[in-house]
1. Could you sort Trp145, Trp56 by their accessible area in this structure, using a 1.4 Å probe and putting the largest first?
2. Viscosity 1.567 mPa s, temperature 4 °C: what is the translational diffusion coefficient of the stretch 50-189 from Stokes-Einstein with a Kirkwood Rh over Cα pairs, rounded to a whole number of µm²/s?
3. How do 104-114, 83-93 rank on mean C-beta neighbours within 10 Å, highest first?
4. Between Asp51 and Leu96, what is the spin-label point distance in nm, taking each point 7 Å from the Cα along the Cα→C-beta axis?
5. Between Ala12 and Ile33, what is the spin-label point distance in nm, taking each point 7 Å from the Cα along the Cα→C-beta axis?
6. Could you work out how far apart the two model spin labels at Glu25 and Arg117 are, taking each label as a point 7 Å from the Cα in the direction of the beta carbon, and quote it in nm?
7. Excluding residues fewer than 8 places away in the same chain, name every one of the aspartates and glutamates whose C-alpha is closer than 20 Å to that of Lys153.
8. Using Cα-Cα distances under 8 Å and only pairs 6 or more residues apart, what relative contact order does the chain have, in percent?
Amino acid sequence: GLCLSFGAALDALLTRLSSKALLKEGLVAAVGIFLVLGAIATGEKIRIYHDDELLWLAVVHANPQLARPYSILGTIFLSRQDIPRAKEFYTKALSLDPNEFIANYRMGFLLYQAGQRDQAQSFLRKVVRSEPSPLYAILTVAHAWEMLGDQQKALSYYQKARAIDPNSSRIQEKIAALSSPRPHPEPER
């Protein structure tokens with residue numbers, strides 16, 4: 001649309017400049033250079049927008065003071081099973097904003113999965129202090145409470161999630177699992 005408008009304006013301008021050939025040729029050359037540079041820039045942007053990692057690296061480059069893009073990059077690397085890079089980006093996000101929800105949850109989760117439960121607690125406690133409202137945040141807090149070992153609080157958040165999405169079989173399974181009595185382990189003698 002912009003190119004068509006630009007072309008129409010150029011046509012109108014060239015019609016008025018029909019007697020000034022040198023000016024007309026210079027204008028056509030300038031427009032040609034503009035269009036070539038525009039095509040190159042558009043090609044570069046298309047390449048960036050088709051790759052999540054490149055897109056979010058560009059966002060981080062443009063806004064290095066924002067924590068959320070670093071968290072998103074961490075999640076991209078986590079989905080690729082590149083745990084060291086994921087931790088690197090979560091750590092950067094937390095250095096910018098120690099309360100960044102996603103980075104705290106993911107770092108807590110990664111440490112919990114690695115068996116480093118004491119280190120995981122400091123991150124997970126920041127997650128459970130939040131007041132979540134979107135469904136994903138409520139489920140995240142519920143899972144954080146599970147990892148912290150408080151089944152009752154986890155259950156209450158899963159019930160909040162069920163109120164938002166009553167047809168979710170995953171939420172129903174979590175509620176059923178947390179509601180059923182668990183056998184207490186025999187004390188060691």
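1. Trp56, Trp145
2. Numbers: Rh = 16.3 Å.
Roughly 80 µm²/s, to the nearest whole number.
3. 104-114, 83-93
4. Taking the simple label geometry, Asp51 and Leu96 are separated by 2.1 nm.
5. About 2.5 nm, to one decimal.
6. 8.2
7. Asp118, Glu131, Asp165, Glu173
8. 9
The values are calculated or read from the model by the stated rules, or taken from the named source; none is laboratory data. Quantities reported herein were computed from a predicted structural model and do not represent experimental measurements. A quick note on method: Cβ atoms are made from the backbone with ideal geometry, for glycine too, and the neighbour counts reach across all protein chains shown. With ligands, DNA and RNA removed, areas are computed over all heavy atoms of the protein, side chains included. Shrake-Rupley method; radii C 1.70, N 1.55, O 1.52, S 1.80 Å.
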